[in-house]
Amino acid sequence: MFKFKPTAIVWDLDGTLVDSAPDLASALNTVLDKRGFFTLSLNEVRKMIGNGVPKLVERGFNAVGIRPDAAQLDELVALFVTEYRECATNKTRPYPGVVDALQAIHSMSIPMGVCTNKPEAFSRQILKGLGLSGFFSSVIGGDSTSARKPDPEPVLACLRGLVSEPELSLMIGDSIHDVHAAHAAGVSVGVVPWGYRSTSVDKMGADFVLHELTGLPGLIRDAEQVQQRTAH
């Protein structure tokens with residue numbers, strides 16, 4: 001658990017703030033269908049999300065028995081990008097409690113950012129389309145820096161945009177990549193029990209599990225009180 005009022009909060013996007021699996025599955029299945037392959041169930045696609053678009057497309061084609069080489073994968077990714085651009089907010093929605101939590105934290109004057117392995121353009125498209133972009137003053141996508149999570153660089157880049165030191169910051173995510181990236185950056189991290197992963201939240205090594213997002217503002221206020229008491 002954290003015992004300080006964070007000077008900034010970094011959020012993961014897919015699987016943490018929004019459930020984007022239906023639209024990702026739709027785009028992937030359109031590409032598979034156009035190439036003459038059978039399509040995948042939503043639950044199958046959910047398990048493939050988390051490492052960026054190229055990995056999602058690669059996993060999707062692996063699931064139908066295809067191992068694309070680098071050139072083929074580039075072509076398939078380009079097709080996916082075209083399809084996804086048209087449907088990225090058709091069925092993608094914030095998880096329960098997200099908007100209330102963001103509004104409460106925004107009212108506390110704590111700057112917030114998004115750090116995701118999704119391409120930055122898609123991330124901004126989704127945030128704008130769902131009316132969430134106003135909450136975030138820093139957005140780092142999987143193509144914004146030279147590395148993706150679990151590398152710490154995207155988290156650090158997001159914090160630079162928020163003008164916050166890692167040890168005074170907080171990250172909220174849903175995957176082991178979020179935990180590893182945050183800890184490598186020196187940031188305290190909490191995980192939500194929903195999202196896209198194969199590892200149990202209790203086994204990911206996060207500093208805490210956030211079972212309800214609407215509880216985060218209260219945890220921040222409690223931590224601030226602890227911080228004030230220990231300062232005297």
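The values are calculated or read from the model by the stated rules, or taken from the named source; none is laboratory data. Since this is a predicted model, take the numbers as computed values, not measurements. Methodologically, a virtual Cβ is constructed for each residue, glycine included, from the backbone with ideal geometry; neighbour enumeration extends over all protein chains shown. Areas reflect the complete protein model, heavy atoms only, side chains present, ligands, DNA and RNA absent. Shrake-Rupley method; radii C 1.70, N 1.55, O 1.52, S 1.80 Å.
Results, tabulated for the structure shown:
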{"item": "Matching entry among Thr92, Thr82, Thr30 (being of a type in the set (S, T, N, Q) and either touching a strand residue (DSSP E or B) at 6+ places or on another chain (Cβ under 9 Å) or on the phi > 0 side of the Ramachandran plot (or both))", "result": "Thr92"}
{"item": "Filter pass, Leu127 being farther than 24 Å from Leu24 by Cα, modelled with pLDDT of 95 or more, surrounded by 16 or more Cβ atoms within 10 Å (Cβ to Cβ) and hydrophobic (A, V, I, L, M, F, W, C)", "result": "no"}
{"item": "Among (1) touching a residue at least 60 places away in the same chain (Cβ under 8 Å); (2) open to solvent by less than 10 Å² (accessible area, probe 1.4 Å) - the single one Gly141 does not satisfy", "result": "(1)"}
{"item": "Qualifying positions in region 154-194 - crowded, with 24+ Cβ neighbours inside 10 Å and of a type in the set (Ser, Thr, Tyr)", "result": "Ser169, Ser175"}
{"item": "Criterion: in contact with a Pro (Cβ under 9 Å, 6 or more places away or on another chain), basic (Lys, Arg) and either surrounded by fewer than 21 Cβ atoms within 10 Å (Cβ to Cβ) or under 17 Å from Gly113 (Cβ atoms) (or both) - qualifying residue of Arg221, Arg148", "result": "Arg148"}
{"item": "The one condition in (1) in contact with a Gly (Cβ under 6 Å, 6 or more places away or on another chain); (2) at negative phi; (3) not hydrophobic (A, V, I, L, M, F, W, C) that Gly195 fails to fulfil", "result": "(2)"}
{"item": "Near pairs, Cβ below 7 angstrom, 6+ apart or cross-chain, from region 60-75 (at pLDDT below 95) to any residue that is among the polar types (S, T, N, Q) and open to solvent by 50 Å² or more (accessible area, probe 1.4 Å)", "result": "none"}
{"item": "Restricting region 1-29 to residues that are in contact with a Phe, Trp or Tyr (Cβ under 8 Å, 6 or more places away or on another chain) and either at pLDDT below 95 or part of a loop (DSSP other than H, G, I, E, B) (or both), the residue that is surrounded by the fewest Cβ atoms within 10 Å (Cβ to Cβ)", "result": "Met1"}
{"item": "Filtered residue count, region 193-206, keeping only those that are under 13 Å from His177 (Cα atoms) and either among the hydrophobic types (A, V, I, L, M, F, W, C) or in contact with a Phe, Trp or Tyr (Cβ under 8 Å, 6 or more places away or on another chain) (or both)", "result": "3"}
{"item": "Scope region 30-49; condition out of contact with any helix residue (DSSP H, G or I) (no Cβ under 8 Å at 6 or more places or on another chain) and part of a helix (DSSP H, G or I); matching residues", "result": "Asp33, Asn43"}
{"item": "Residue check for Val45: within 23 Å of His177 (Cβ to Cβ), in contact (Cβ under 8 Å) with a residue 24 or more places away in the chain and out of contact with any Gly (no Cβ under 6 Å at 6 or more places or on another chain)", "result": "yes"}
{"item": "Given (1) touching a Ser or Thr at 6+ places or on another chain (Cβ under 9 Å); (2) without any contact (Cβ under 8 Å) to a residue 60 or more places away in the chain; (3) on the phi < 0 side of the Ramachandran plot, index of the condition Ala231 fails", "result": "(1)"}
